[in-house]
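The values are calculated or read from the model by the stated rules, or taken from the named source; none is laboratory data. These figures come from a predicted structure and were not determined experimentally. Glycine also receives a Cβ, built like all others from the backbone with ideal geometry; neighbour counts cover every protein chain displayed.
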Amino acid sequence: MNCQKRGEAIAVRGDYVAVRFPRCEGCDGCGRCSALYDSRNVQIKALNGIGANVGDIVTVVIPEKRATLFTALAYMIPMAFALAGLLVAIYASVLTGLLIAACGAGVGGIAATLVDRLAIRPKFQPYLSGFALSDEEEKEGDKIA
């Protein structure tokens, strides 16, 4: 399931907008945003398909694919090589095991580069799904209803 957050557009640059929103307990260990602004807020760069301007309150959607795919690519591939190197070192030769583990580090670097290149594709990018009410507007709506 995609993560949705309401925040304020604080900067617009080309097709992207920087959005700041309050950090919540659910953010702990998530890693989807990867952009902590301070201890209370998160800032994220999102595709601005709705024409938001600075000061607008918007809803940001952070695709789930972003977190799961990138975590798997960035951590699991090098870890598999390290494990293979360990097993070879135990059962065959320490030198060969170290060589395989070193190859794992190289593959890890290549995987990190590929992950960076994949991350810029639009389907993996956070994006704005629409405008939202500010806290004050929401409170006013509650008073009327």
Note to self: Here are the criteria: (1) under 28 Å from ASP15 (Cα atoms); (2) within 20 Å of the chain's Cα centre (by Cα); (3) modelled with pLDDT of 80 or more. Tell me which single one ARG117 does not satisfy.
What the structure shows: (3)
Notebook entry, point to check: For CYS33, all conditions in the list (1) surrounded by fewer than 14 Cβ atoms within 10 Å (Cβ to Cβ); (2) under 23 Å from PRO122 (Cβ atoms); (3) modelled with pLDDT under 90 hold save one; what is the number of the exception?
Noted result: (1)
Next item on the list: May I ask you to list the residues in region 60-78 that are surrounded by 16 or more Cβ atoms within 10 Å (Cβ to Cβ) and either acidic (Asp, Glu) or modelled with pLDDT of 95 or more (or both)?
Entry: none
Margin query: I need a count of the residues in region 102-136 that are of a type in the set (Asp, Glu) and within 23 Å of ARG6 (Cα to Cα).
Written below: 2
